[in-house]
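Read the structure below first, then the notes.
The values are calculated or read from the model by the stated rules, or taken from the named source; none is laboratory data. The structure displayed is predicted, hence computed values, not measured ones. Here the Cβ positions follow ideal geometry from the backbone for every residue, glycine too, while neighbour counts run over all protein chains shown.
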Ligand code: UDX
């Protein structure tokens, strides 16, 4: 596994756990040192234990020595980052191509080279061009990853599908053998062309982002028409053609994938002279949502933000991760600070560097501390520990305003407790 970021480390560890001999390579020696002393550089429930277990049993090793790793491996997974290029919507593939060149340098025997990183249509073709000097030694395939942060181990063990894209049929049986333990538990194995697999990843993420944005817009309509968006989502989701998942209205979607991948697929569309207008409007709608919800915060505080105390419960883009990438709090918090708000926040994954530059933003060690003397509590991330807070007891009957951006509580029970409760699409 080349790259011990999210995808490489989780997949590598899980591949080892189903019985393979796995070498995880990274050029960052600090990361490798940490991993060799049993510390995971990323926060993912269950990962530390799994790393330790497989490290001790010697199925999983960590190294900076890419030459040795390539020499010893039959299948090489490229799991390096494909971030958005600065000042562009497109992805930066330089890490992918750089490691391809190293693979070329050190390969002497036949290898299967797999892209697990999310890469646009035609990346496999470009990789083949780089490898052309030793063309016969390589089969280049695409095997996109569908892991969700916070649930990555479960997602690896019980995937809905395994997508393998190859232009050479004989490689499918090798990949089938690798994934057999997961197929035995019900995962579907889908074989397609390499370009097809590359697009499946982007199209899936863009579709899920569209589903969320769709329900977020329906939530706006529900707010105006006195309907509960949760009921609408349930009613829609009961239709198996629609499905109930990814229909939870909330803040703008964030994370390391949806924002990046939706932008990148529109660039691919433009390259192929195809206007992906739905995805383009999803991107716009999601950006607007950040402003829309911040304006709602202003409204809840009667447009007087200066010196108002606002407590954020959860600042990460989703629960069970410490990841702040593209979290809508990165827009909301600085905006409210600019207008004079004093912010306290508590997140179970700890203090965030992103907010350390603001004097009026303070990290607290627990819910109670964050909510003390506050004018408004904003529930931003749906961590488990925010789902059953006894607000009445906590605030001792003091009139309190809560803006629940994840619809964790029932409006009627909040009303009964005398809490001024605002939520999404209800
Ligand atoms: C996503 C894809 O789900 C995964 O398959 C892919 O490999 C990587 O990108 P991830 O970014 O980890 O995974 O998180 P996900 O659970 O998909 O949530 C993404 C964003 O959508 C979060 O901001 C989350 O809060 C939001 N979301 C999700 C909603 O607002 N409503 C929903 O119903 C689901």
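When residue 133 is tested against (1) surrounded by fewer than 21 Cβ atoms within 10 Å (Cβ to Cβ); (2) at pLDDT 95 or above; (3) over 26 Å from the mean Cα position of the chain (by Cα), only condition (2) is not met. I want to confirm something. Restricting to region 159-176 and keeping residues that are surrounded by 16 or more Cβ atoms within 10 Å (Cβ to Cβ) and within 14 Å of the ligand (Cβ to nearest atom), which single residue is nearest to residue 323 (Cα to Cα)? The extreme case among them is 159. Across region 136-151, the qualifying residues are those that are closer than 21 Å to residue 76 by Cβ and within 19 Å of the chain's Cα centre (by Cα), and the one among them that is farthest from the ligand (Cβ to nearest atom) is 143. Condition check for residue 179 on (1) at positive phi; (2) more than 13 Å from the ligand (Cβ to nearest atom): one failure, at (1). From the list 77, 156, the lone residue that is out of contact with any strand residue (DSSP E or B) (no Cβ under 8 Å at 6 or more places or on another chain), over 25 Å from residue 276 (Cβ atoms) and within 16 Å of the ligand (Cβ to nearest atom) is 156.
With the structure loaded, tell me whether residue 284 is assigned to a helix (DSSP H, G or I) and without any contact (Cβ under 8 Å) to a residue 60 or more places away in the chain or whether it fails that test. So residue 284 passes the test.
Please list, ordered by first then second residue, the pairs with beta carbon atoms under 6 Å, 6 or more apart or interchain, first in region 12-24 and within 15 Å of residue 179 (Cβ to Cβ), second at pLDDT below 95. Pairs that qualify, where the first residue is within 15 Å of residue 179 (Cβ to Cβ) and the partner is at pLDDT below 95: there are none.
Could you tell me whether residue 302 is at pLDDT 95 or above, surrounded by fewer than 21 Cβ atoms within 10 Å (Cβ to Cβ), farther than 22 Å from residue 355 by Cα and within 14 Å of the ligand (Cβ to nearest atom)? In short, no. Scanning region 182-207 for residues that are out of contact with any helix residue (DSSP H, G or I) (no Cβ under 6 Å at 6 or more places or on another chain), within 25 Å of residue 260 (Cα to Cα), away from the ligand (no atom under 16 Å from the Cβ) and not in a strand (DSSP E or B) yields 193, 195, 196. Looking at region 357-426, the helices (runs of 4 or more DSSP H) lying wholly inside it that each contain 3 or more residues that are within 25 Å of residue 322 (Cβ to Cβ) sit at 367-371.
Every residue, every condition in (1) surrounded by fewer than 21 Cβ atoms within 10 Å (Cβ to Cβ); (2) in contact with a helix residue (DSSP H, G or I) (Cβ under 9 Å, 6 or more places away or on another chain), yes or no:
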{"residue": "324", "(1), (2)": "yes, yes"}
{"residue": "329", "(1), (2)": "no, yes"}
{"residue": "332", "(1), (2)": "no, yes"}
{"residue": "354", "(1), (2)": "yes, yes"}
{"residue": "383", "(1), (2)": "no, no"}
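The condition (being buried (at least 20 other Cβ atoms within 10 Å of the Cβ), over 16 Å from residue 407 (Cβ atoms) and either under 19 Å from the mean Cα position of the chain (by Cα) or within 11 Å of the ligand (Cβ to nearest atom) (or both)) is satisfied by just one residue among 255, 250: 255.
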